[in-house]
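Nothing in this text is a laboratory measurement; each read-out follows from the coordinates by a stated rule. Computed from a predicted model, the values in this text were never measured in an experiment. Here Cβ is always computed from backbone atoms with ideal geometry, including for glycine, and neighbour counts include all displayed protein chains.
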Amino acid sequence: MEKCKRPSFLMGLFLCLVVLSATFPYCFAAAFSKPNPKKFGSSFVFPVDGNVYPKGYYHVSLFIGQPPKLYFLDIDTGSDLTWLQCDAPCVKCTPAPHSLYKPNKNLISCQNPLCASVNGPGNHHCEDQDQCDYEIVYADQGSSIGVLVEDTFPLKFANGTVVSPRLAFGCGYNQEIPDPNNAPYTDGVLGLSGDKSSIPGQLRNIGLSRNVVGHCLSAQGGGFLFVGDDLLPSTGVSWAPLLRKPTDDFREHLSLGPADILFGELKTGVNGVPVIFDSGSTYSYFSIQAYDVLLDLIKEDLKDKQLKEAKGDGSLPVCWKGPKPYKSAVEAKSYFKPITMSFRKANNVQLHIHPEAYLIATKHGNICLGILNGSEVGLEHVNVVGDISMQDKMVMYDYENQRIGWFEANCDKLYSVDGNHKVCFHQPHPADIAFPTEQWCPADILLEK
C-alpha cells in the first residue's frame, strides 16, 4: 500500500512513439527493425504536458490496448503501480479527458508474482483466486481501488524498433479525491518508481530496456520523460545513492538522505534530514522543523524589502505582494536566496534550488512559497523535492545502479540520443495516425556517452 503520494496540491514515444501523440509528439530518425529479445533495446521518450501552476501536474500521453486508445497519465516517480480509471463497472470515478478503460477478459490472477509485488509484504491475501485486488491510499487520504489487468502498450524505441509488450496495470473502479475541484484532469497515474510492478520494472524484466527513468520538466510548461539508459550522460551529473529499505513505508522506500539544508550560504541548523524526489508531488514539502526554520529565515530576509505578505491570495499558504504584479517567479527572484541540500552520503553533493524553483507567481500577481509544511499532510519527518524544485533540471532515477542524478538543463529542448539516432520534434498533422515522417530538430544537443 502506498502511504505517501501526491498530497493536497498534488494530483500529479508514443505513436510516433507509436501513434500520434496528442499534444507534443516526437519522432525519431531511425529505421524500423525487429526486436531482439536476447538483449536490451534502447530508450523510450515521452513528451510531457502540464505545469506546476496553474495546472498542478505534468502528464504523458500513452496509447494502451488493441486497438490502441489514448490516455493521459500523471507521471509519478514516487509510485509503483500504473493505473487507469476503469469501467469494471466504475463505482466512483472523477472527470477525465477520455472514456474509461474497459477490461476484456484480461484480469491478472492473485497467484501472479506481480500481485504480491503490488500489495507488499503482509498485504497479499487472495479472496478471489481469479483476480488481483489492490488499494492505494495517498497521504491526503485520496485513494484508488481496483484490480490488476494486462494489455498491450505499443511503443517505439529511439533506435526505431517497434514493440507491443503486454504490461500489467491497475483497473481503478473506485477513486476518492479529497478536493474534487482541484483534481488533475487525467485518466490515471503512471507509476515510475522502478519496482517490479512499475512499467519501467516490467520493461526491464522482459528485456526491453534498462530500469532507468529520467524527466526534464520545463518551468514554461511541458518537457519530456524517458525510460532506458540512452540519455544518461557520462559526465556533468550530480549523483546521490538511492537508499531503499525492505518496507512498504514509502517514506523509507525512496530516500536520498541524510542531507543538510542551507539558505543562501547560511547553515540553517537543519541537518541529517531524509529527502525523497517525487514527481507525483506538485510542490516541495519540508518537515515541520525544516519548514519553520526556512520560513523564519525567508521572512527575516525580506524585512525592509518591497515585498509584503498577501494573506488574502489563497493560492498557497504563504504569499507576498510586490510593488507591481508579477507574471513569473523569475521577476521576483532577486528578493530571495537559493536553498541548498547537501547530501552527506554522496560526498556532500549538492542540489541547488533557485528561488524560481520554490516560488510561483499567482493569477493575482503575487509571489507564493512553493515549499509547504509536510506535517499538515502526514509526511512527518520526510522532506519531499516535488515538481516545482525539479523544474529545468534533468533528473534521472538509475534503478540499475541505485542512484539518483541531476543537472541543470533547458527542458524546452529534447537532447539527441547519439550522433546517429537523433530525437527530433515532430510537426503533427491531423491525418497522422501511425508513424509520421515530417520532422524538425530545433536543436541537436549531444549528450556524452
At R0 = 25 Å, how high is the FRET efficiency between ASN205 and GLU127 if r is their beta carbon distance? Nearest 0.05 is fine.
0.40
Expected output is a single nm value to one decimal: the length gained when fully extending between GLN402 and LYS327, i.e. 0.36 nm times separation in residues minus the C-alpha distance. What is it?
23.1 nm
Rounded to the nearest Å, what's the spacing between the alpha carbon centres of region 202-221 and region 86-119? Just the number, please.
23
Computed D for region 273-415, Stokes-Einstein, Kirkwood radius over alpha-carbon pairs, 25 °C, 0.890 mPa s, to the nearest µm² per second, is 152
For region 157-201 and region 295-358, compute the distance between their C-alpha centroids and round to whole Å.
33
Rounded to whole Hz and in sequence order, give me ³J(HN,Hα) for region 374-383 from the Karplus expression 6.51 cos²θ - 1.76 cosθ + 1.60, θ = phi - 60°, writing x for Gly and Pro.
x, 5, 6, 10, x, 8, 6, 8, 7, 10
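Can you give me the Rg/Rh ratio for region 370-413, using Cα atoms for both radii and the Kirkwood formula for Rh?
Computed over Cα atoms, the ratio is 1.07.
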Net charge of Cβ neighbours under 13 Å - reference CYS93; Lys, Arg +1; Asp, Glu -1
-1
Using the Kirkwood radius over Cα pairs of region 74-215, the Stokes-Einstein translational diffusion coefficient at 4 °C and 1.567 mPa s, in µm²/s and rounded to a whole number, is 83
How big is the Cα convex hull of region 100-179 in projection, averaged over all directions, in nm²?
7.4
Given the peptides 315-324, 383-392, 194-203, arrange them by the average over their residues of other C-beta atoms within 10 Å, most packed first.
383-392, 194-203, 315-324
From zero outward in steps of 5 Å, how is the percent of C-alpha pairs of region 300-362 spread across the bins?
4, 16, 22, 23, 14, 8, 7, 5, 1
Summed residue charge, Cβ within 10 Å of ARG204's Cβ, Lys/Arg positive, Asp/Glu negative
+1
Want the number for GLU135 to ARG166: 0.36 nm per residue separation, take away the alpha-carbon distance, what's left?
9.0 nm
Once the piece of chain linking ASP87 and SER334 is laid out straight, how much longer is it, given 0.36 nm per residue of separation minus the C-alpha distance between them?
83.9 nm
